[in-house]
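Comments concern the structure below.
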């Protein structure tokens, strides 16, 4: 598979409508071919990966990795516990040059109280959940529209996922 690189301007400004339509047809064909090439390569890679994963060597190393990760997790948790225990008994933050205690400051608070306080005193701490807000604004637009929200329509290109019928000049439409 070799990919051709196009070096022409994609916008149709200054071109006739016919030229723009020809660019669209050409682009649809090229995009269809590229998507097909990518799908074929993915299919080949998936088959190769499946074959590799089925091999005894892959299975052995996969099992070794899983067991080592699980054991490391257990050992790390134990080491963390021992490091804290050492610190609590001695006050020494360095149980080992690779196992030390850091003193961190954690805040504990009621989230509802913090939110109420932030509404009154620290607006910068509040984040807008855009999805929830937009869903609400759309839902109330015909009942009680929000005065600061404007609904506008703009064209958005949609390109079919399946362009196989347009590859290699099979169709003009």
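The values are calculated or read from the model by the stated rules, or taken from the named source; none is laboratory data. Please read all numbers here as calculations on a predicted model, not as lab measurements. Cβ: placed from backbone, ideal geometry, glycine included. Neighbour counts: every protein chain shown.
State yes or no: is residue 145 within 30 Å of residue 27 (Cα to Cα) and outside the structural domain of residue 27 (by TED's automatic domain parsing)?
It is false that residue 145 is within 30 Å of residue 27 (Cα to Cα) and outside the structural domain of residue 27 (by TED's automatic domain parsing).
Sort out which residues of the stretch 76-105 are loosely packed, with under 10 Cβ neighbours inside 10 Å and more than 39 Å from the chain's Cα centre (by Cα), and write them in order of number.
88, 89, 91
Tally the residues that are in contact with a helix residue (DSSP H, G or I) (Cβ under 8 Å, 6 or more places away or on another chain) and part of a helix (DSSP H, G or I), restricting the search to the stretch 115-137.
Looking only at that region, the number is 2.
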